[in-house]
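The block underneath contains the structure these notes are about, expressed in structure tokens.
No value in this document is a laboratory result; all are computed from the given coordinates. Just so it is clear, the model here is predicted, and its values are computed rather than measured. Cβ sites come from the backbone with ideal geometry, for glycine too, and all protein chains shown count toward neighbours.
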Amino acid sequence: MATEDRVLKSFLAADDGAENIKPADWKNRKAVPLPHQVAGHKYGIHKVGILQHDDGTVLKQLQPPPRGPCEMQFYTQVFAQDCTDPHLLALQQHLPKYYGTWSTPDKPNELYMKLEDVAGRFTCPCIMDVKIGRKSYDPFASQEKQKEQIRKYPLMEEIGFLILGMRVYHVASGSYISHEQFYGRSLTKETLKTGLARFFHNGVELRKDAISVSIHKIRNILQWFERQKSFHFYASSLLFVYEGSHHIGNAKNENEALTGQEYRQTEPENKSNAHISSSTLKSSCGQVNFSSILETIYNLRKVNGFGSHSLYHQAIGMSADMKAKANTVVEGKSSNSGKGENVEVRMIDFAHVFPSDSSDDNYIYGLRSLLFVLEQILQE
């Protein structure tokens, strides 16, 4: 069974079967599987997973101790209202915003961290997760755990980072290309630059503007690390996001380009690295009728049978995502208003953060190595 099938069926499971759930029922549901996740624990596949709240925030389920409590404590410390530590205050801009914890009434002990959806404001987000550092295991890891992590990607100690996953929007086909963790592990010293550059290529051109802004943001993170000696980060990642629709107007006839009254949404990508056909869903910006959208998809599903679940699943996840985007202008002029506004680089995954009194040379090495490769791509 395909991954999307497992995720959908596990989430839609009900006494009468998933097919009997009507669009109106979703008004009472508070969270759905995160539709644009590229790496990490996925809902319906792993014991813990990531969801999206209907207010647009991301819900990251707390991992078992000590990892989950460690990550929650770190977020709580950084975003504490009475925080006066200048290093922590400076770090806030490099992390997704933290809004506390969340749980369902029927499972109050199953905690989720409520976080900003960094990709939520983008129309066609291109997303990449890159693990940073020469070592992806912490000092307390067993010898067996250390060997396991090294075996996954022996070159990490030399390269200093590992691509965990990516999805790239190709403007000509209107579809996404996806690569998961095995793609990053397959890269050698000779193919690393080309493999990383693929994230910034939209099928028509290399997005040098996105590379340039990403470099700037990584340098800011590096400056923070060079000034702080309070923490060491292990198995932590950088989340890259840039607007894939930035050059749609140049790739198609101007009359067919997206305007501020249109919204383009593609179907979820499968686990292969092939092109996926996209569907176009248009709505008035700021006047999205979510119930109507779900009703339409439900009727299609009713006619076509369970096989059309991907479109239905996408609409469910989209309803939460579109609420956050409803007041966002997605026409060409917004993408030109400021290049920095269309690129994000944030630090994520803090289950292995430890107090320290020295520089985090492991993480700094990874940042510098990543910067070096990105600068080579930009120059060439």
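Hey, can you rank 358-366, 78-86 by average C-beta count inside 10 Å, highest first? Let's see the in-between values first.
Working: 358-366: 18.3, 78-86: 11.3.
Descending packing order for the listed peptides: 358-366, 78-86.
Greater than 32 Å separation of Cα atoms is the criterion. Which listed pairs, Lys97/Lys189; Lys97/Lys135; Lys145/Lys229; Lys107/Lys135, meet it?
Numbers: Lys97/Lys189 35 Å; Lys97/Lys135 26 Å; Lys145/Lys229 26 Å; Lys107/Lys135 36 Å.
Violating the 32 Å limit, Cα to Cα: Lys97/Lys189; Lys107/Lys135.
Work out from phi, with θ = phi - 60° and the Karplus expression 6.51 cos²θ - 1.76 cosθ + 1.60, the ³J(HN,Hα) of each residue of region 64-74, listed in order in whole Hz, and give x for Gly and Pro.
x, x, x, 5, x, x, 5, 5, 5, 4, 5
Enumerate the amide H contacts of Ser175 below 5 Å, restricted to partners 5 or more residues apart or on another chain; note that Pro and chain-start residues carry no placed amide H.
Answer set, sorted by chain and number: His170.
Whole-Hz Karplus ³J(HN,Hα) for region 172-188, in order, using 6.51 cos²θ - 1.76 cosθ + 1.60 and θ = phi - 60°, x for Gly and Pro?
Couplings: 5, 8, x, 9, 9, 10, 10, 9, 9, 4, 5, 5, x, 5, 7, 6, 9 Hz.
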